[in-house]
Number of protein chains: 2
Amino acid sequence: MKFYDCRTAPSPRRVRVFLAEKGIELETVQVDLGSGEQFSAAFRKINPDCVVPVLELDSGRCISEVSAICSYLEDLHPEPPLFGKSAEEHAVVLMWNARVEQQGLWAMADAFRNSSKALANNALPGPDSYVQIPALAERGRTRVVRFMQRLDSQLADNRYVAGDFYSVADISAMVTIDFAAWIKIPVPDDAPNLARWYAAVSKRPSASA
Amino acid sequence: MKFYDCRTAPSPRRVRVFLAEKGIELETVQVDLGSGEQFSAAFRKINPDCVVPVLELDSGRCISEVSAICSYLEDLHPEPPLFGKSAEEHAVVLMWNARVEQQGLWAMADAFRNSSKALANNALPGPDSYVQIPALAERGRTRVVRFMQRLDSQLADNRYVAGDFYSVADISAMVTIDFAAWIKIPVPDDAPNLARWYAAVSKRPSASA
């Protein structure tokens, strides 16, 4: 297998942390998003959506989308489990991972991509050009703060995002919190449960991936 | 198990079609989104995110998010498989399902929710009020058309969205196409593969769910 990564980007970091938790080492190719390598003819053959991460399987098939890549790696390397153990735990992990993506990560992407000067005509990832919508950047910031408060409530009763066990939902949430720091949205002062959880997951060796 | 549904909404329809394909019948509760029942104190206990669908498990745990609900039902009722059979097929289905959601369904939601008069202060689902962003409605329409063209290319070489087998990605895509008709975005004239596929999946008995 071959892993198409970009060291500086949040989405492929979700896979890097996942790989570190699993103890999997893969041949890795850095794609230089800064210079637009994702739009090259060579990379479009790997992923016509022009985004990383991508996992190239031994069959030659290329898999994009973090949730698909992590699920495939879990199928191949079940230990340690990062999607829960039972069917019910699996469902709770997927639910929380989807909530983190939709309420947290996509909101952060709205906030960042619609305000960064470097992305004036690339407000969305992918091959198509979209101009920035300033109101969407503003709404994104509001939503990220609300997401952090929502997560704080969940973590009042749970050690980790999906319950008493570490999972892929924690990885997605940690990456979202670190991404929020790019545009100076910190963990709120009135979110002690989120702060406790964030300190704990950030201390894991995988967090440096 | 108990299924919290709304007959008129696209997201729970994804679960209804999935259940029909599996031949599963569940006790079903209709939640009246039109009158705001999702914001009631009673429903907030079932899902604090105030959205349907929700699957209440026999343990009492409530699972929201379509991808989590369908995956749980697949774990309990593997036949017929709707997430592929092998690990590789599973990965391809999850990849395409995520693409359909992000490039198709969320774009459609942007287009609809930011233009519907009834949703002036509810441009996003959930308990928080967000005003509409007209530029986001416009961008959503553009993206939905591009999504249909993208899907047409995929369907030029594949009988179904994720390959030569019917899957949950087809359900998500069909629901997106039908949702697009709400705001008069038809299958484009220059998308013959998409038209062929759409006619085929719409003829399945599950499509009426």
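The values are calculated or read from the model by the stated rules, or taken from the named source; none is laboratory data. Computed from a prediction, not measured in an experiment: that's the story for all the values here. Cβ atoms come from the backbone with ideal geometry, glycine included; neighbour counts cover every protein chain shown. Accessible surface areas use protein heavy atoms only, side chains included; no ligands, DNA or RNA. Shrake-Rupley method; radii C 1.70, N 1.55, O 1.52, S 1.80 Å.
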Quiz prompt | Peptide-level mean, for A:70-83, of C-beta atoms on other protein chains within 10 Å | solution = 2
Self-check item: Shape category assigned to the protein assembly as shown from the gyration tensor of Cα positions, a/c cut at 1.5
Solution: rounded
Quiz item: What are the residues whose amide H is under 5 Å from the amide H of A:Val29, where those residues sit 5 or more places off or on another chain and H is modelled from the backbone?
Solution: A:Phe3, A:Tyr4, A:Asp5
Exercise. Using the 7 Å Cα-to-Cβ label point, sort the distances from A:Ser153 to its equivalents in the other copies shortest first and give them in nm to one decimal.
Key: 4.1
Quiz item: Under a point-charge model restricted to the Cβ atoms of Lys and Arg (+1) and Asp and Glu (-1), what is the dipole moment magnitude of the stretch A:87-208 relative to its Cα centre, in debye to the nearest 20?
Solution: 380 debye
Practice problem: With a/c under 1.5 counting as rounded, go ahead and sort the stretch A:123-209 into rounded, prolate or oblate using the C-alpha gyration tensor (a ≥ b ≥ c being the square roots of the eigenvalues; past the cut-off, prolate if a/b is larger than b/c, else oblate). | Solution: prolate
Quiz item: In nm, what does the list of distances from B:Thr8 to its counterparts in the other copies look like, shortest first, when each label sits 7 Å along Cα to Cβ?
Solution: 4.9
Exercise. Using the heavy atoms of the protein chains and a 1.4 angstrom probe, tell me the accessible area per residue for the stretch A:158-198 in square angstrom.
Key: 40 Å²
Quiz item: Averaged over A:125-133, how many beta carbons belonging to a partner chain fall within 10 Å of each residue's beta carbon?
Solution: 3
Quiz item: So, by mean Cβ neighbours within 10 angstrom, what's the order for B:110-118, B:199-207, B:5-13 with the highest one leading?
Solution: B:5-13, B:110-118, B:199-207
Quiz prompt | Listed residue pairs exceeding 26 Å between alpha carbons, taken from B:Lys2/B:Lys203; A:Lys22/B:Lys2; A:Lys45/B:Lys203; A:Lys85/A:Lys184; B:Lys22/B:Lys203; B:Lys117/B:Lys203 | solution = B:Lys2/B:Lys203; A:Lys22/B:Lys2; A:Lys45/B:Lys203; A:Lys85/A:Lys184; B:Lys117/B:Lys203
Quiz item: Residues of A:53-65, mean number of Cβ from any other protein chain within 10 Å of their own Cβ, rounded to a whole number?
Solution: 3
Exercise. Per DSSP H run of at least 4 residues, take -39500 (n - 2.57); add these up for chain B, divide by its residues and hand me the 222 nm value, nearest 500 deg cm²/dmol.
Key: -15000 deg cm²/dmol
Quiz item: With contacts defined as alpha carbon pairs under 8 Å and 6 or more residues apart, what's the relative contact order of chain B in percent?
Solution: 21 percent
Quiz item: For the stretch A:15-101, what is the relative contact order in percent, using Cα pairs closer than 8 Å and at least 6 residues apart in sequence?
Solution: 19 percent
Quiz prompt | Where Rh is the Kirkwood radius over Cα pairs, Rg/Rh for the stretch B:93-170 | solution = 1.09
Quiz item: Given a 1.4 Å probe and every protein chain left where it sits, what share in percent of the accessible area of chain A is carbon and sulfur?
Solution: 52 percent
Quiz item: Quick one: buried accessible area between A and B, total over both chains, 1.4 angstrom probe, nearest 100 Å²?
Solution: 3500 Å²
Quiz prompt | Cα-based shape type of the stretch A:10-168, given that a ≥ b ≥ c are square roots of the gyration tensor eigenvalues and the cut on a/c is 1.5 | solution = oblate
Quiz item: Copy-to-copy spacing for B:Pro205, label 7 Å out on the Cα-to-C-beta vector, in nm, shortest first?
Solution: 5.5
